[in-house]
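The values are calculated or read from the model by the stated rules, or taken from the named source; none is laboratory data. Remember, it's a predicted structure, so these values are computed and weren't measured experimentally. With ideal geometry, Cβ positions are generated from the backbone for all residues, glycine too; neighbour counts draw on all protein chains shown. For the accessible areas, the whole protein counts, side chains as well, though only heavy atoms, and no ligand, DNA or RNA atoms are used. Shrake-Rupley method; radii C 1.70, N 1.55, O 1.52, S 1.80 Å.
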Amino acid sequence: MTKIQNQSALDETLKKIGRNVQNFQRMEAMLKFLISHSRLQGAASELQSNHEKAVDAVSKQTMGIW
């Protein structure tokens, strides 16, 4: 392979990796949204503050192994 072919292959590989990273970040954001909206508990007067606490707690956690 020539240098130009190697560079184009490298560019294509990096594009695919970047696309995958971006897709994983989107999936993580969607999962965090679902988690923070699925665990609402408490009295009706406390739901807003409970929801804000849940969103704050989930946003600070990673989706990796715990």
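For the reader, a short list of remarks on this structure follows.
- Among residues of segment 43-55 that are at positive phi, none has a beta-carbon under 9 Å from a residue that is modelled with pLDDT under 85 and open to solvent by less than 90 Å² (accessible area, probe 1.4 Å) at least six positions away or on a different chain.
- Pair list, Cβ under 8 Å, 6 or more apart: segment 1-27 residue without any contact (Cβ under 8 Å) to a residue 40 or more places away in the chain, other residue in a helix (DSSP H, G or I) and of a type in the set (Gly, Ala, Ser): Met1/Ala9
- Within segment 56-66, the set of residues being without any contact (Cβ under 8 Å) to a residue 24 or more places away in the chain and surrounded by 11 or more Cβ atoms within 10 Å (Cβ to Cβ) comprises just one member, Ala57.
- Residues satisfying the stated conditions in segment 1-46, i.e. under 30 Å from Gln61 (Cβ atoms), among the hydroxyl-bearing types (Ser, Thr, Tyr) and open to solvent by less than 80 Å² (accessible area, probe 1.4 Å): Ser36
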